[in-house]
Amino acid sequence: LDERLPIRGAEDEFDRLAATINGLLDRIAEYVAEKQSFVADAAHELRTPIAAIRSSVEVALAGERSTQDYRSLLEEVIEESASLEVLVNQVLLLSEAVVSHDQPIVESTALGEVVEKAVDMFRGVAESRGVCLTLAVQDNPLVVGVKPHLRQVVNNLIDNAIKYTGEGGSVQIDLSVDPTRGLAELVVADNGLGIGPADLPRVFDRFFRADRARQRDQTHGAGLGLSICKTIVEAHHGAIRCDSRPGEGARFTVTLPLKKEA
Ligand code: ADP
């Protein structure tokens, strides 16, 4: 993939063809490099929970221990297996969402229902962490979209908002419609940690985690959630952005095209 066709400078058909083929080769090389780095990053992240599981099992097998010790080692194994499962699902989802990028989406989804279900699902977690979850759904817009993928976007944003907002904080979710622009707009805003200006441009990168996030939540999350959101939203011809200031919370806005009436 490193070789390119020579351009003779004659500016004839052959030169144009060679330039087109070289351009295609550049794109293929970029695509392959991107895939390779994704696989390398994923493998690196998968190693962490696997190493932790192995180490717990080795400690358990190394000698006689109390029932309590065995129990806590097994609990660690369960916890790390859960992280592993989440990670594997995220990696699979990212590759699926990437595949669907090239195919037109024909399904439609009632976004209001997806958002309401997600909020119901997270109520218990929010309560246990002392975070107040409020929802304002003005409409139940029909958007062009694959339901499980859109559910994943909404879940990831609410999950993060709760995760990065401490005890006593609040998360506000708003769903509205902009009929003139033909868009549904979902906002998930929290008043938690926030994101610094240096990190803000990188939050949608694969495997990116701000240092503060890492310190706060050491075992869970590999920094894939937001890149999954972005990949899915863009595959749906929508847009996602984040506005935030450190200490003042974060506000994620997703816009998705409404399904056109037949
Ligand atoms: P993860 O949550 O697994 O670390 P994400 O891709 O979902 O991965 O998020 C990437 C990073 O963006 C997080 O590690 C955190 O630093 C930052 N982030 C995401 N959502 C928020 C939020 N609501 N408030 C503050 N920081 C956030």
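The values are calculated or read from the model by the stated rules, or taken from the named source; none is laboratory data. Source: prediction; values computed, not measured. Glycine also receives a Cβ, built like all others from the backbone with ideal geometry; neighbour counts cover every protein chain displayed. All accessible areas refer to the heavy atoms of the entire protein, side chains included, with ligands and DNA or RNA removed. Shrake-Rupley method; radii C 1.70, N 1.55, O 1.52, S 1.80 Å.
In order along the range 57-74, the phi-based Karplus estimate (6.51 cos²θ - 1.76 cosθ + 1.60, θ = phi - 60°) of 3J(HN,Hα) comes to 5, 4, 4, 5, 7, 6, x, 5, 9, 6, 4, 4, 4, 4, 4, 6, 5, 5 Hz; Gly and Pro are listed as x.
Ellipticity at 222 nm from helices only: DSSP H runs of n ≥ 4 in the chain, each -39500 (n - 2.57), divided by the residue count, give -18000 deg cm²/dmol.
Highest GNM mean-square fluctuation among 152, 36, 172, for the chain modelled with Cα contacts below 10 Å: 36. D by Stokes-Einstein for the range 142-191, Kirkwood Rh over Cα pairs, 10 °C, 1.306 mPa s: 130 µm²/s.
Our note on the geometry: Cα centres of the range 114-145 and the range 1-17, 56 Å apart. Taking Cα centre as origin and charging only the Cβ of basic (Lys, Arg, +1) and acidic (Asp, Glu, -1) residues, the dipole magnitude of the range 155-262 rounds to 280 debye. The largest accessible area among 237, 149 belongs to the first residue in 237, 149, and the rest follow in falling order (1.4 Å probe, all chains). Amide H contacts under 5 Å for residue 135: 173, restricted to partners 5 or more places along the chain or on a different chain, H placed in the peptide plane at 1.01 Å from N. Ordered from longest to shortest, the equivalent ellipsoid semi-axes for the range 21-128 are 38, 27, 8 Å, each the square root of 5 times a Cα gyration tensor eigenvalue. The HN-Hα couplings worked out from phi for the range 142-155 by the Karplus form 6.51 cos²θ - 1.76 cosθ + 1.60 (θ = phi - 60°) are 8, 10, 6, x, 8, 3, x, 6, 5, 4, 4, 4, 5, 4 Hz, whole numbers, x standing for Gly and Pro. Build a GNM of the chain with springs between Cα atoms under 10 Å: which of 74, 157, 93 gets the top mean-square fluctuation? Largest GNM mean-square fluctuation: 74. Between 92, 142, 224, the GNM of the chain built on Cα springs shorter than 10 angstrom shows 92 fluctuating the most. Karplus-based coupling profile of the range 169-186, in residue order and whole Hz: x, 9, 10, 10, 10, 10, 10, 9, 10, 10, x, 5, 8, x, 10, 9, 10, 10, with θ = phi - 60° in 6.51 cos²θ - 1.76 cosθ + 1.60 and x standing for Gly or Pro. Within the range 117-213, the proportion of C-alpha pairs whose separation exceeds 24 Å stands at 29%. Restricting the trypsin sites (Lys or Arg not before Pro) of the range 159-251 to loop positions (DSSP other than H, G, I, E, B) with no more than 11 neighbouring Cβ atoms within 10 Å leaves 181.
Mind checking the per residue accessible area of the chain for me, 1.4 Å probe, whole number of Å²?
Each residue of the chain exposes 60 Å² on average to a 1.4 Å probe.
Surface composition of the range 3-42: carbon plus sulfur atoms contribute 60% of the solvent-accessible area (1.4 Å probe, protein chains only, all chains present). A straight Cα-to-Cα reach below 21 Å connects residue 260 with the lysines 147, residues fewer than 8 places away in its own chain not being considered.
Here's the list of lysines a cross-link from residue 163 could span, going by alpha-carbon distance under 22 Å and ignoring same-chain residues fewer than 8 apart: 117, 230.
Over the chain, all Cα pairs binned in 5 Å intervals from 0 give whole-percent P(r) values of 1, 5, 10, 13, 14, 14, 12, 9, 7, 5, 4, 2, 1, 1, 0, 0, 0, listed from short to long. Computed in the context of the full set of protein chains, the accessible area of the range 148-262 at 1.4 Å probe radius has 47% of its extent on carbon or sulfur.
Sites listed here are GluC sites (Glu not before Pro) in the range 85-170 whose DSSP assignment is loop and whose Cβ has at most 15 other Cβ atoms within 10 Å: 107, 167.
In a DSSP loop and with at most 14 other Cβ atoms within 10 Å, the GluC sites (Glu not before Pro) in the range 219-262 are 248, 261.
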